[in-house]
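S.K.: The structure that follows is given in the form of structure tokens.
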Amino acid sequence: MSRSRQQSLFDSSPDPVPGDSRADPSSAWEAAARADQLSARVVFNRPLDTAFHYLIPDELRDHLSPGQRVRVPFGRGNRSTVGFCVGLERPPETLGRLKQIDSIVDAAPLVDGAMLELTAWIARRYLCGWGQVLESVIPAGVKRQAGTRQVKFLGLPEDFAERFHALGVGQLPAKQRAVVDALEAAGSAMRIDQLTRAAGCGNSPIDGLTKKGLLEVEMRRLDPGDAEDWSEGVVREQDLTLNPDQQAALDEIVGQLRDQTHRTLLLHGVTGSGKTEVYIQAIREVVAYGRQAIVLVPEISLTPQTIRRFRSRFDSVAVLHSHLGDAQRHYHWQRIARGEVDVIVGARSAVFAPTVNLGLIVIDEEHETTFKQESTPRYHARDVARRRAELAGVPLVLGSATPMLESWLAADTGGDRLLSLPRRIDDRPMPPVSLVDTRNDRRIRSGVAIGRGLETFIKQALDDRGQVILFLNLRGHSPAVWCRACGQGVRCDGCDVTLTWHRDRRAVVCHLCDFQSEPPSECPGCGKRGLKLLGVGTQKLEEEVRARFPGAIVLRMDSDSMRRPGSHDRALEQFRSGEAQILLGTQMIAKGLDFPNVTLVGVVDADTMLHQPDIRASERTFQLIAQVAGRTGRSDRGGRVLVQSACPDDPAIRLACNHDYAGFVVHELAHRRATLTPPFTSLARVILRSPDEAAVAELARGVAEVLRRLQPDPPPVRILGPAPAPISRVKNYYRFHLQLAAETSEVIRELWLSAASELPKHSSVELVIDVDPLNLR
Ligand code: ADP
Ligand code: ZN
């Protein structure tokens, strides 16, 4: 495959560019394109790097714009297929005869030119099809126009005064007058039911005014379930007076806003330093200009508390989380696209919110791995946000107490700007952290989770009527079911992992595929009886805590206990109100929570992340401890932290206990530089999977061979593998991988694109490439 074809596709902005993409050669050709006729460039939901040209029949010509979907004949069999029109242009002469568009699917474009440009960039950056990106970022509910119905809105015409005058009636009947007054007071068009309520009348005065030509009727699509009152019950609050650090950070952001150019600003603020208040006041500025702001937060942080914080400050806030139904998502999308929403708060995919006049993007807790999508397109919301902000010429603010090293480096030595909030609000101290070496604790060695020191601390905190958070990053009851005789753990049938005993389900469960079965009575390996449960998960911790502190009310939060929608919010509310004294759980409780009465945080096992085969194991360990420690000492009551670890000398653990992010950065960056790992290199990972182990192994070798052969000398890309992936089997699919490392991702991209047409294929093997992978398993 030629490099030039690739570029001609991805360089393309929505404006016409002379392309040299091809039509399918084996089809029945249409008549030759007339010289003055435009063709449509169409991309499909496939991993294709090519756009295809189609003729636009005369009767469709006035109705088609880029961003609409079209139905076209595709491939050898001319199968009727839906694709996205991404451009209109003169058909390249080299193409010969073109097929013709059958029909237009959408009445209006689903995305605008800016979004087309952004999605083209994503396809290029993450090495997937443009059509795949469009398919993924436009919500299903938007494509189907889910749940909407046409609703009549009534408003006053602009020239109301003249029209009224022209009637020559001097005065309107009182009821009609009331309708006009209500509309004037509202300042915008209203639905009939809203209007009759506001004017205190029935339908007849409205009909009367309509007949006189004094009302304008407009049909709008509306979602039936979620039409109004979404800010009900939220009390309006004033902005806080910023402290000098916050003010300095805000001034920088506002200065950048007024500059109307792009800049990424990294707001590094310790836990409890008041980052959110800085975002809010920066957004206030954006909204004052009549522009919109997008705030991305990790899904787990979309708690009622977070939502309330934004709703209490802004008139029109849309919250986009993953539980929205198709109809609700469509409804929000439309309101945003009409410019009716000032602030969009949402998880990863909210980076695609179709704002009319974007003014600012904020990413809170920017270090969170959930900002990376783990299915095609495998984009990272931070990079997409950066690109979107560049295209729009607006600032991007990244906030974190523990920025990802990539972000830190970009601000420290790259072009990004670093803003610091080094102190907590009201100069509250960071909580003191005690690090307990569990190797010396007999109780812990005997399989108990809570050591002597932690028990004493918990007791004291409860006696002082404080609340306690206990963090353990292993769900289930016992993380290993182990055979004493052969020393093997019991494994999943379909996956290459050991099973976890879940007492609540009375089953051993696979955390990869959720397979569950009755616990075996003998070892599946050697057949001996006497399997042993090893280790402590959150369920066992819960039992232990209940037994030791019978007077306390205990809540457990992990993905097992929080299955039902709303249970997460309910549990947090119970804890906030003081109804429960101890909250224990996984990552879910480690982030972002702001409970003033928490006087103790216990990290039950700091080592769980440390021994993962992952270049970021240290960084994740540091982040988790720092974040969970940040949940205490947030009021005058103060607070302290106890960390249990069997590796107390590990730098990540030691530095996290000293609240020493700067020290950790120096240490870890030196290590990354020495090992040539990110952020000093760019990585991509090729993952192959198949139920057929021999086929996937062979194909992986073939792919590696092509890549190696196409490398210039000296080879700019280091190619590792192929090798079985660290998790070598999931749901009976065997997994192999290759790692590509180079100075920039551009170098990897060039190699990959030059190889694309030569890569071997096998019908049973799926192949994906993950650019800038965060998950290396
Ligand atoms: P962070 O996100 O940096 O951990 P938060 O934004 O949650 O910190 O702020 C911590 C607490 O401090 C919140 O309860 C917030 O309302 C409060 N706060 C923030 N800024 C101020 C301020 N300028 N004055 C008083 N309280 C503040
Ligand atoms: Zn499994």
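Residue-wise test of (1) at positive phi; (2) touching a Cys at 6+ places or on another chain (Cβ under 8 Å).
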position	(1), (2)
Leu435	no, yes
Arg443	no, no
Gly447	yes, no
Leu470	no, no
Pro479	no, no
Val490	no, yes
Trp501	no, no
Arg505	no, no
Val509	no, no
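Residue-by-condition table, conditions (1) touching a residue at least 24 places away in the same chain (Cβ under 8 Å); (2) more than 16 Å from ligand 1 (Cβ to nearest atom); (3) open to solvent by 40 Å² or more (accessible area, probe 1.4 Å):
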{"residue": "Arg570", "(1), (2), (3)": "no, yes, yes"}
{"residue": "Gln581", "(1), (2), (3)": "yes, yes, yes"}
{"residue": "Gln587", "(1), (2), (3)": "yes, yes, yes"}
{"residue": "Asp605", "(1), (2), (3)": "yes, yes, yes"}
{"residue": "Ser618", "(1), (2), (3)": "yes, yes, no"}
{"residue": "Arg634", "(1), (2), (3)": "yes, no, yes"}
{"residue": "Ala646", "(1), (2), (3)": "yes, yes, no"}
{"residue": "Val666", "(1), (2), (3)": "no, yes, yes"}
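S.K.: Give me the pairs: first residue in region 52-65 and farther than 17 Å from Gly131 by Cα and among the hydrophobic types (A, V, I, L, M, F, W, C), second residue open to solvent by 50 Å² or more (accessible area, probe 1.4 Å) and not in a helix (DSSP H, G or I), beta-carbon distance under 7 Å, and six or more apart or on different chains, which are they?
M.R.: So the pair list comes out as Leu55/Glu30; Leu55/Gln100; Ile56/Leu38.
S.K.: To continue, here is another question. Inspect region 268-284 for any residue being open to solvent by 40 Å² or more (accessible area, probe 1.4 Å) and away from ligand 2 (no atom under 16 Å from the Cβ) and give the result as yes or no.
M.R.: yes
S.K.: Of these, Phe549, Phe575, which one is within 16 Å of ligand 1 (Cβ to nearest atom), of a type in the set (Phe, Trp, Tyr) and out of contact with any helix residue (DSSP H, G or I) (no Cβ under 6 Å at 6 or more places or on another chain)?
M.R.: Answer to the selection: Phe575.
S.K.: Among the candidates Ser301, Ser375, Ser312, which residue alone is open to solvent by 40 Å² or more (accessible area, probe 1.4 Å), at negative phi and among the hydroxyl-bearing types (Ser, Thr, Tyr)?
M.R.: Ser375
Residue by residue, here is whether (1) over 17 Å from the mean Cα position of the chain (by Cα); (2) within 16 Å of ligand 2 (Cβ to nearest atom); (3) open to solvent by less than 30 Å² (accessible area, probe 1.4 Å); (4) closer than 20 Å to Ile280 by Cα holds:
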| position | (1), (2), (3), (4) |
| --- | --- |
| Ala337 | yes, no, no, no |
| Ala350 | no, no, yes, yes |
| Pro354 | no, no, yes, no |
| Asp364 | no, no, yes, yes |
| Phe371 | no, no, yes, no |
| Val384 | no, no, yes, no |
| Pro395 | yes, no, yes, yes |
| Thr402 | yes, no, yes, no |
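S.K.: Could you run through region 510-559 and say how many residues are crowded, with 18+ Cβ neighbours inside 10 Å and assigned to a loop (DSSP other than H, G, I, E, B)?
M.R.: Count: 8.
S.K.: For region 167-183, check the following and say yes or no: at least one residue is touching a strand residue (DSSP E or B) at 6+ places or on another chain (Cβ under 6 Å), more than 30 Å from Ser349 (Cα to Cα), in contact (Cβ under 8 Å) with a residue 12 or more places away in the chain and not hydroxyl-bearing (Ser, Thr, Tyr).
M.R.: So far as region 167-183 goes, no, none of its residues is touching a strand residue (DSSP E or B) at 6+ places or on another chain (Cβ under 6 Å), more than 30 Å from Ser349 (Cα to Cα), in contact (Cβ under 8 Å) with a residue 12 or more places away in the chain and not hydroxyl-bearing (Ser, Thr, Tyr).
S.K.: Which condition number in (1) among the polar types (S, T, N, Q); (2) surrounded by 15 or more Cβ atoms within 10 Å (Cβ to Cβ); (3) away from ligand 2 (no atom under 16 Å from the Cβ) is the one that Gln460 fails?
M.R.: Gln460 satisfies every listed condition except (2).
S.K.: Can you find a residue in region 410-427 that is away from ligand 2 (no atom under 16 Å from the Cβ), open to solvent by less than 20 Å² (accessible area, probe 1.4 Å) and part of a helix (DSSP H, G or I)?
M.R.: Yes, region 410-427 contains at least one residue that is away from ligand 2 (no atom under 16 Å from the Cβ), open to solvent by less than 20 Å² (accessible area, probe 1.4 Å) and part of a helix (DSSP H, G or I).
S.K.: With the condition kept exactly as written, say whether any residue in region 722-737 is crowded, with 19+ Cβ neighbours inside 10 Å and charged (D, E, K, R).
M.R.: The answer is yes, given that some residue of region 722-737 is crowded, with 19+ Cβ neighbours inside 10 Å and charged (D, E, K, R).
S.K.: Restricting attention to region 572-596, which residues are under 24 Å from Thr369 (Cα atoms) and either within 16 Å of ligand 2 (Cβ to nearest atom) or assigned to a helix (DSSP H, G or I) (or both)?
M.R.: Leu572, Gln587, Met588, Ile589
S.K.: Can you name the residue in region 725-740 that is out of contact with any helix residue (DSSP H, G or I) (no Cβ under 8 Å at 6 or more places or on another chain) and either without any contact (Cβ under 8 Å) to a residue 40 or more places away in the chain or within 17 Å of Leu683 (Cβ to Cβ) (or both) and, of all such residues, is nearest to ligand 1 (Cβ to nearest atom)?
M.R.: Pro726
The values are calculated or read from the model by the stated rules, or taken from the named source; none is laboratory data. These numbers were taken from a predicted model, which means no experiment stands behind them. FYI the Cβ positions are ideal-geometry reconstructions off the backbone, even for glycines, and counts take in every protein chain you see. Quick note on the areas: whole protein, heavy atoms, side chains included, nothing else; ligands and nucleic acids left out. Shrake-Rupley method; radii C 1.70, N 1.55, O 1.52, S 1.80 Å.
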